[in-house]
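The values are calculated or read from the model by the stated rules, or taken from the named source; none is laboratory data. Source: prediction; values computed, not measured. Cβ placement follows ideal geometry from the backbone for every residue including glycine, while neighbour counts extend to all protein chains displayed.
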There are 2 protein chains.
Amino acid sequence: MRISDLGEFPLIDRVAELVTVDRPDVIVGIGDDVAVLDAGGEDWLLAKVDIQVEGVHFLREAIHPRQLGRKALAINLSDIAAAGGQPHYALVSLALPADTDVGWVDELYRGLRQEADRFGVAVVGGNMASSPDGIVVDVFVLGRVQRQHLLLRSGARPGDRVLVTGTLGDAAAGLALLLAPSIGVDAAVRESLLARHFTPTPRLAEARVIARSGRATAMIDLSDGLSSDVGHICDQSQVGVRIWAGCLPISPAARRVAALSDRPPWELALEGGEDYELCFTVPPAAAEGLASSIEQGTGTRVTIIGEILPLCEGRWLVLEGGEVRPLEARGWVHFGPGELSEGKER
Amino acid sequence: MRISDLGEFPLIDRVAELVTVDRPDVIVGIGDDVAVLDAGGEDWLLAKVDIQVEGVHFLREAIHPRQLGRKALAINLSDIAAAGGQPHYALVSLALPADTDVGWVDELYRGLRQEADRFGVAVVGGNMASSPDGIVVDVFVLGRVQRQHLLLRSGARPGDRVLVTGTLGDAAAGLALLLAPSIGVDAAVRESLLARHFTPTPRLAEARVIARSGRATAMIDLSDGLSSDVGHICDQSQVGVRIWAGCLPISPAARRVAALSDRPPWELALEGGEDYELCFTVPPAAAEGLASSIEQGTGTRVTIIGEILPLCEGRWLVLEGGEVRPLEARGWVHFGPGELSEGKER
């Protein structure tokens, strides 16, 4: 059987079973977004790695190397944020074709450094190798979390509200503009959406407020797409969910691209992915108060977009007119049929 | 300028300059084989990443995926050993073509698990992505070292003896057999050399004796080749070196392959690389005693192969007949001219 017949998530489950160990120092191993480790210190360590492959995650001609450097680090920082932690160190593995321009590598590292400085991260090591084909950038990030502040995908309880930071669908709208340059939007709209696609902002400040509040029950960052990522919370918390399409925070710019692409805006927000906003669950009595604290502390908008249901009630999307649909995970999946033939850049 | 015009090590120096930070918690950043971090615990953390690219480091048709899994982890464990530490956790990034067989991935993870179990390491996370071309396996390892036991490339002093564990050149001899199957050696010789090439053993037990002795002044693992790796000790310790070719520990099997390939055996030992033995320096009065302790404690042979010189005296290789040659780093270099056209598997 080929891995494309099995799909990414079943393959991960399969290999996780091959390597999972029961050790008291491994608080969270394979399966969540980050590993949580008790390495003897007061805090727990958070470890995360994310690989970026040319032709799959990025197109060399479309992204500036400095943006790629920033993004390759940012998407890992986002996972550390989602666990309620702070990032400290990064290591970078690069596989490079021998004809890569030295200036391109310089710019990649300038982007890494820029993003690292912004969030107090030190790039402390790495590794370079030649590549017979495309470029591969693999970034490993190490962080720490106070034990009592750790947030995982598991922990959501029926009745909890589902909240998100920022706006959803902007990165997908930016990608849509890249793939179909004929979509006519004005320069400011284009620029803002491309920035969301190329240089996502890890929500570390927002995550710190959420973690310290002690009110959130589960958290994840939105990388694959809300429908897929909220599904991870449901899987690991053993709950259902109801998402209200009409409440999804969608920017005017993303709404404009959705209209011009003839797609409902909630579809971009639900299925687009790569927004790197935080999605978290909070008991109903605390939800509005926490949303306000985050907004006051960081200036970032927070929106209640749904509620957690008992497992047996399933996963639903409620459209604005009242129509109820099953909430299907339609985010990005590696090894899925046709993933590359569609020319998607992820 | 292309990176092939610059070469691997100047490129590493160049990007290191772009990202190096002066922080008290970064004990060793980019430049040594491992990052050494003070993350608040009693011990220091050791972090290391090493990427394996199909067509550069391995050929899919030549190596069994279980061997590849073992090796991808082992080469990182070897770096943790060389710093005097113990490995604890690993994360694995994989880029896989969509048509990769699920059984191949299973076997890769079985190899990872096997090697991890052998050395008390937990595989705690990772990441999978599709690859439009070849397979990429990037393994990150996190370990710990007692502060007083840390060993680096720097620290060697004139007069110190240079010691190595095990035998040198076996992995290169195994590679020679792979690339020229016509070299006629008997099955046992072939098998032992291929095992050294495909499944190197990280010298963790030996490193523990060395680190605890407090006698070694510098240490490195032999990945690129002795001439290149001892050069790293010289660079970072600001010393010269004299290596005695006649003292290099070379197995009868490697000598046989050298003879059949019409190469002097010391050339395999000096330039071959991938032996993953330890090379370390010890003040003269302590060298023989430490060698004996290691042999008694682990059963692994240890050989004195040279001596550290003042920087101004340079780097020399003394042949058995007394001829003295400059010791040139001729180990593996990424992005070097013709590295791939020679079809080398590294």
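Tabulated data for the structure shown
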item	result
Only listed residue being under 30 Å from B:Leu59 (Cα atoms), surrounded by 22 or more Cβ atoms within 10 Å (Cβ to Cβ) and either outside the structural domain of B:Gly85 (by TED's automatic domain parsing) or over 21 Å from the mean Cα position of the chain (by Cα) (or both), chosen from B:Ala173, B:Ala195, B:Ala156	B:Ala173
Positions within region B:194-218 being of a type in the set (Val, Ile, Thr) and under 17 Å from B:Gly169 (Cβ atoms), in sequence order	B:Thr199, B:Thr201
Residues being more than 19 Å from the chain's Cα centre (by Cα), at the interface with another protein chain (Cβ under 7 Å from one of its Cβ atoms) and among the hydrophobic types (A, V, I, L, M, F, W, C) - total across region A:1-42	11
Selection within region B:125-140 - more than 7 Å from chain A (Cβ to nearest Cβ) and surrounded by 24 or more Cβ atoms within 10 Å (Cβ to Cβ)	B:Val137, B:Val139
Residue that is within 25 Å of A:Ser131 (Cβ to Cβ) and assigned to a loop (DSSP other than H, G, I, E, B), where the choices are B:Arg23, B:Arg66, B:Arg70, B:Arg60	B:Arg60
Sole residue being out of contact with any Lys or Arg (no Cβ under 7 Å at 6 or more places or on another chain) and assigned to a strand (DSSP E or B), chosen from A:Arg212, A:Arg263, A:Arg255, A:Arg242	A:Arg242
Search result, residues across region A:81-124 that are in a loop (DSSP other than H, G, I, E, B) and either hydrophobic (A, V, I, L, M, F, W, C) or within 7 Å of chain B (Cβ to nearest Cβ) (or both)	A:Ala83, A:Ala98, A:Asp99, A:Thr100, A:Phe119, A:Val121
The one condition in (1) within 29 Å of B:Leu112 (Cα to Cα); (2) modelled with pLDDT under 95 that B:Phe280 fails to fulfil	(2)
Selected residue (criterion: nearest to A:Thr201 (Cα to Cα)) from residues of region A:305-325 that are surrounded by fewer than 17 Cβ atoms within 10 Å (Cβ to Cβ) and aliphatic (A, V, I, L, M)	A:Leu319
Positions within region A:124-152 being within 22 Å of B:Asp13 (Cα to Cα) and touching a residue at least 40 places away in the same chain (Cβ under 8 Å), in sequence order	A:Ile135, A:Val136, A:Val137, A:Asp138, A:Val139, A:Phe140, A:Val141
Residue within region B:141-153 that is within 7 Å of chain A (Cβ to nearest Cβ), part of a loop (DSSP other than H, G, I, E, B) and touching a strand residue (DSSP E or B) at 6+ places or on another chain (Cβ under 6 Å) present	no
Within region A:43-56, tally of residues that are among the acidic types (Asp, Glu), at the interface with another protein chain (Cβ under 7 Å from one of its Cβ atoms) and assigned to a strand (DSSP E or B)	1
Complete set of residues in region B:218-242 that are crowded, with 20+ Cβ neighbours inside 10 Å and more than 15 Å from B:Thr165 (Cα to Cα)	B:Asp224, B:Ser227, B:Ser228, B:Gly231, B:His232, B:Ile233, B:Cys234, B:Ser237, B:Val239, B:Val241
Condition broken by B:Ile210, with the remaining ones in (1) buried (at least 23 other Cβ atoms within 10 Å of the Cβ); (2) modelled with pLDDT under 95 satisfied	(2)
